[in-house]
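First up is the structure itself, then whatever we jot down about it.
Every number in this text was worked out from the coordinates using simple rules, so none of it is lab data. Keep in mind the model is a prediction, meaning the values are calculated, not measured. Because the Cβ atoms are built from the backbone with ideal geometry, glycine has one as well, and the counts that use them run over all protein chains shown.
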Amino acid sequence: MSAKAFGKIKIILNDTGSHPENWNHFKNRIIKKDLDKYRICIPLCIRPISAANAADNEANPFEGKIYESDYAYFENAVAVNHVVYRYMPETDSVLAECIDLNSTLKKHMTLTIEKNVLGKPVTEIGGYFTDPYYMDAKIGYLFDKIYIPDSVKSINGPSFSECTNVKSIYIPESVKKIDGQAFEECTSLQSVRLPNGLKEIKYGCFYNCKNLRKIVIPNGVQKIGADAFAGCEKLEIYIPTSVRKIGKYITLTDVKKIYCQKNTVAYKYAKKNKVAVEITGTKRTQQNYVAQKLLLKKNAVTLKPNSSYRVEAEMVPFYASKQELTYSSNKPEIVAVRDEGVVTAKKAGSAVITVKTTDGSKKKVRLKVTVRPGKPMNFIAQKKGKKKAVFSWDPVAGAAGYEVAQADSQKGKYTTIWQQKKKTSVELKISKDKYYKVRAWYKKDGELIYGAFSKAIKAS
C-alpha cells in the first residue's frame, strides 16, 4: 500500500478491486463537507482487459449523462421513449429504472422496455418501476400493454404494481427471477405466460389480480410464496409436481380451481383448504400433456402502419406441457412478427400470420392482418388562376391510389371529387371557401381499404 499527499486530502491507493465509479459517488456525497476530515480511498484496479470489464477500459456512453425530474435524480442515466435507463458498471449492462416523468404521459399507452440503450443491453427492470417510492401519484393506470424484451433477466421489486389497465403480459424466456409483488393489483390482467427458468413465484406476485383467468406454473418452480395469488378469484391454475412448498395465509385459497396431479403438494393444499381441484394424472406418471386444440382470441385484425399487436393464442388444455409457439408471416414486408408473437405493421396491404405448436401435436391457426394505408403528408395546393389549383402530397407505402375530398367547412362532411391510381398530384377546379383533404387506398378482395385523411387545407 502506498500513500501520496494531494493538497489537504490524503489519497490512499489500494488493490481492493472496486470500480472507480465509486469515487464519483463518494465525491458527490462529501463535496459540501470539510474535506480536511476525510481520507479518500481510490481503488487501484490492475486487471487484464476482457469482455467482462471492457467498460473500465473503454469510453462509457453513459458517462456524465444525468436524468433529473421533480421526483428523481440519477447519474449515468438517460431517458428513452418514456423510460429512464441507468448504467450498472458491475455488470456492464442497463437497468430500466423508472418512468420518465419529464415526458408526455397519456392513457392507453404501451409500455415498451428497450432491448439496448446506447449500445448496452437492458438486463433488469427496477423495483417500483411504475410507482417509484419517491412519487405520490400512481401512474401504472396509464398503460394498456407492456413489452419486455428478451434481454431482461430480472424483474425487481413491485415493478409493475398497480398497472390497472394492462390485460395481458408476455414475459420472455430470458427472465430467471421475478420479485415479490411484481404484478400486484394489476386488476385488469387476464393472462400471463411465465418463463420456464423460474424457481419460485414470490410473495404477493399476483396479489389481487382479480381478473386473471388462467396461468401455468412452469415445471421447475419449487415454491409458491405467501399471498402470491390471493384475491385471484377467477383463476384456474396448473401446478406441477416440482412445487414442494406453498405459502401460508390465503396464497391459493381464493382461486377458482387448481389443476394438479394426485397426491402432490398442490393436491394436498387444495384438499386442506377446500379449493376445487381437478386431477390431471398421478405423481408417478408425469404425463406429457400435448395440445388438443389451438385457439385465437381474434381471427382477424386491422392495424395502422407502424403499429403493433400481440397474437393471443390459447392451447387446449391450457396446461399443455410445452407452451412454446412459433409464428411466421407470409408477407413479412407488409407484416412482420417476432418470436414472442408481436406483429408489426410495416405498410399498407394484408398478410397472414401462422401460429403453430411445438409439442408434436401439429396444431396451427391463422390470423389475417389488414394494414390500412398511412396518412398522406405534406398535402398542399398551388393555385393556377382563380378557379384551378394543383394538389400534391407525399406517396404512402403500399397504397394503390388516392382520392381528394371536399367540404363546405373544415369539420364538415367530405365528398370525394377525384380518385386515381398511383398519382400523387392532380390539377382540380376549386371553389371559394371550400376545404380539401386527401387519403390513400388499396383494393383487397374487391373492397377498398382506406387510410386516414390528411390535414384539411383551404385552396382559395
Inset, instruction - Rank-order 354-363, 260-269 by packing density, defined as the average count of other C-beta atoms within 10 Å over each peptide's residues, highest first. - result: 260-269, 354-363
Inset, instruction - Assuming R0 = 22 Å, can you tell me the calculated FRET efficiency for the pair residue 338 and residue 226, based on Cβ-Cβ distance, to the nearest 0.05? - result: 0.05
Legend entry - Inter-site label distance for residue 293 and residue 448 at 7 Å from Cα along Cβ, in nm: 4.0
Legend entry - Separation in nanometres of the label points that stand 7 Å from Cα toward Cβ, at residue 268 and residue 144: 4.7
Inset, instruction - Starting from the Cα-Cα distance between residue 105 and residue 460, subtract it from 0.36 nm times their residue separation and give me the gain in nm to one decimal. - result: 123.9 nm
Inset, instruction - Give the share of C-alpha pairs in each 5 angstrom bin for region 253-333, from 0 to the last occupied bin, in whole percents, shortest bins first. - result: 3, 11, 16, 17, 14, 12, 9, 7, 6, 5, 1, 0
Inset, instruction - Apply the Karplus parameterisation 6.51 cos²θ - 1.76 cosθ + 1.60, with θ equal to phi minus 60°, to every residue of region 302-312 and state each ³J(HN,Hα) to the nearest whole Hz, in sequence, with x for glycine and proline. - result: 10, 10, 8, x, 6, 9, 10, 8, 9, 5, 10
Inset, instruction - Quick one: what are the phi-derived ³J(HN,Hα) couplings along region 85-96, Karplus 6.51/-1.76/1.60 with θ = phi - 60°, whole Hz, x for glycine and proline? - result: 10, 10, 6, 10, x, 5, 10, 6, 9, 10, 9, 6
Inset, instruction - Pick out, from 143, 204, 218, the residue whose Cα sits farthest towards the positive end of the charge dipole of region 57-282, with +1 on the Cβ of Lys and Arg and -1 on the Cβ of Asp and Glu. - result: 218
Legend entry - Relative packing of peptides 168-175, 79-86 - highest average C-beta neighbours within 10 Å first: 79-86, 168-175
Inset, instruction - List every residue whose amide H lies under 5 Å from the amide H of residue 280, counting only residues 5 or more places away in sequence or on a different chain, with H placed 1.01 Å from N in the peptide plane. - result: 260, 261, 262
Legend entry - Stretch gain in nm, segment residue 177-residue 382, where the contour uses 0.36 nm per residue and the Cα spacing is subtracted: 67.7 nm
Inset, instruction - Starting from the amide H of residue 401, placed 1.01 Å from N in the peptide plane, find each other amide H under 5 Å away whose residue is 5 or more places distant or on another chain. - result: 422, 441
Inset, instruction - First measure r as the distance between the Cβ atoms of residue 276 and residue 118, then evaluate 1/(1 + (r/R0)^6) with R0 = 56 Å and state the FRET efficiency to the nearest 0.05. - result: 0.65
Legend entry - Mean-position separation - Cα centroids, region 53-116 and region 341-419, in angstrom: 35
Inset, instruction - Go through 145/356; 364/421; 388/413; 167/411; 167/437 and tell me which ones have a Cα-Cα distance over 31 Å in this structure. - result: 364/421; 167/411; 167/437
Inset, instruction - Report the FRET efficiency, 1/(1 + (r/R0)^6), for residue 364 and residue 394, where r is their Cβ-Cβ distance and R0 is 41 Å, rounded to 0.05. - result: 0.55
Inset, instruction - Can you tell me the order of 314-327, 294-307 when each peptide is scored by its average per-residue count of other Cβ atoms within 10 angstrom, highest first? - result: 314-327, 294-307
Inset, instruction - Work out from phi, with θ = phi - 60° and the Karplus expression 6.51 cos²θ - 1.76 cosθ + 1.60, the ³J(HN,Hα) of each residue of region 438-446, listed in order in whole Hz, and give x for Gly and Pro. - result: 9, 9, 9, 8, 8, 9, 9, 6, x
Inset, instruction - Could you list which residues have their amide H under 5 Å from that of residue 388, counting only those 5 or more apart in sequence or on another chain, with H placed in the peptide plane? - result: 430
Legend entry - Spacing of the two label points (7 Å from each Cα toward its C-beta) at residue 253 and residue 167, in nm: 3.3
Inset, instruction - Sum up the charges of everything whose Cβ sits under 12 Å from the Cβ of residue 69, counting Lys and Arg as +1 and Asp and Glu as -1, but leave residue 69 out. - result: -4
Inset, instruction - Against the globular-protein guess of 2.2 N^0.38 Å, express the Cα radius of gyration of region 380-458 as a ratio, rounded to two decimals. - result: 1.09
